[in-house]
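Single-structure report; data block below.
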Amino acid sequence: MILILCAVGAALSSCGKPSTVSLAAIDQLTPKIIEPGDVIRIKGSGFVEGPATVTFDGDFRATDLARTTRRTVSLEGNAISDEWVEIPMTASTLRRLTAQPTRFTGAVSVSFETVKSLGLVKVAADKEDVALDLRPAGRAIPHQARRERAATQFLSSLGMIMSTADELKVDQVVSSSRVDEVGVESGDRVLSVNGTTISNLAELADMVGQTQLRFELVSADGVMKTATIAVSSGAQLAGDEMAAIIFSSIAL
């Protein structure tokens, strides 16, 4: 990758103007419904670790007003590895995209500035035909809170205590617990479970009833890792209790 960038940079340095080079690719973007507190995760290849610019270019259709506008909005994200870019969606960040419930359809691109000593080159990737539901007001809070609590309780039964400041970050691992035995460490962040990308803690509630959990994580120093845990009858009991909480919240 470095040799390719150097060659491209050398070739473009005489031009005296920025150039964009498509040396990366986007495979998927999750979640499809985006609300305050979520983390947009973009999975792909060839990403350059560090700051990233994520651009949404397409139609923004306000669902309440049935009005569509064509816009281009760029947000700042971070490439935590050569395969993952993250954008924490705070309420203020989401309002940069829209202030009301909106359906976005269009293209999403990611770019990374590199090789500044040889002239500005931007490594970029894009994905067409992306459809996202943007909900700046969030979802039903009681339902969300119950799912988060249920997920927290279930993870605790496995020995994984999650951070209150960053809900997908492991704050503490109980010594000799199941997650400790498979190498999960404090500071790790959950990226996916059983192949499903996780964007917020409530989505971990969908682990109910599964007898084996395969976590994909990234360590505090950016190392990708996987951990597979067999769920015992004790943890399954906690899962049954979690299911009861989830179903009662749906009834509300």
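The numbers here are math on the coordinates, done by the rules we state, and not lab data. Predicted, not measured: the structure shown is a model, and the values here were computed from it. Positions of Cβ are backbone-derived with ideal geometry, glycine not excepted, and every protein chain shown enters the neighbour counts.
Placing a pseudo-label 7 Å from each Cα along the Cα-to-Cβ vector at ALA220 and ALA137 gives an inter-label distance of 4.1 nm. Region 164-195: which GluC sites (Glu not before Pro) are DSSP loop and have at most 16 other beta-carbon atoms within 10 angstrom? Here the GluC sites (Glu not before Pro) that fit, given the DSSP loop and packing criteria, are GLU185.
Taken along the Cα-to-beta-carbon direction at a fixed 7 Å, the label points for ARG103 and VAL174 span 4.5 nm.
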